[in-house]
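Before any comments, here is the structure.
The values are calculated or read from the model by the stated rules, or taken from the named source; none is laboratory data. It should be emphasised that the depicted structure is a prediction, and the values quoted were computed from it without experimental measurement. All Cβ positions, glycine included, derive from the backbone under ideal geometry; neighbour counts span all protein chains shown. Calculation scope for accessible area: heavy atoms of the full protein, side chains included, ligands and nucleic acids excluded. Shrake-Rupley method; radii C 1.70, N 1.55, O 1.52, S 1.80 Å.
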Amino acid sequence: MDNALTGKVSQKGQLVIPVSIRKALGIEKGSEVSFEVKGNEIRIKKVPTALDWSNLVEQLPEEKVKIDKNGHYDPKESPNFHDWMVNG
């Protein structure tokens, strides 16, 4: 979503977020957003919910890493850990 969209500010100061943005970010009635002001710009971000965090955690790979007394491990037994150690 790289194109600029516009919204309107109501007489009460309420801002309408375009439906395409709400759908893309999963913003629904009751969702919380944060506002950050930089110069003459406002950045609006969706505040992650507990469900958002839960879904993120479910996607994390899980593996047991055996590290010997010398601090060595077998990269074949722990490929995700090895990738993290090498690539960060």
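Could you list, in sequence order, all residues of region 1-37 that are small (Gly, Ala, Ser), part of a loop (DSSP other than H, G, I, E, B), open to solvent by less than 70 Å² (accessible area, probe 1.4 Å) and more than 16 Å from Thr49 (Cα to Cα)?
Passing the criteria: Gly7, Ser10, Gly13.
Give the residues of region 38-48 that are surrounded by 11 or more Cβ atoms within 10 Å (Cβ to Cβ) and part of a strand (DSSP E or B), sorted by residue number.
Ile44, Lys45, Lys46
Of all residues in region 2-21, which are of a type in the set (Val, Ile, Thr) and touching a strand residue (DSSP E or B) at 6+ places or on another chain (Cβ under 6 Å)? Show your work before the answer.
First, the residues of region 2-21 that are of a type in the set (Val, Ile, Thr): 6, 9, 16-17, 19, 21.
Within region 2-21, just Val9 meets the criteria.
Of the residues Asn80, Asn55, which is in a helix (DSSP H, G or I) and closer than 30 Å to Ala4 by Cβ?
Exactly one of Asn80, Asn55 is in a helix (DSSP H, G or I) and closer than 30 Å to Ala4 by Cβ, namely Asn55.
Report whether or not Leu51 is exposed (fewer than 10 other Cβ atoms within 10 Å of the Cβ) and at pLDDT below 90.
yes
Condition check: closer than 30 Å to His82 by Cβ, assigned to a loop (DSSP other than H, G, I, E, B) and of a type outside the set (A, V, I, L, M). Does Glu63 satisfy that?
Here the answer is yes, as Glu63 does meet what is asked.
Looking at region 55-88 only, could you name the residues that are surrounded by 10 or more Cβ atoms within 10 Å (Cβ to Cβ) and closer than 30 Å to Val33 by Cβ?
Listed by number, the residues that qualify are Asn55, Leu56.
Which one of Ile17, Ile44 is in contact with a Ser or Thr (Cβ under 8 Å, 6 or more places away or on another chain) and touching a residue at least 24 places away in the same chain (Cβ under 8 Å)?
None of the other options fit; the residue is Ile44.
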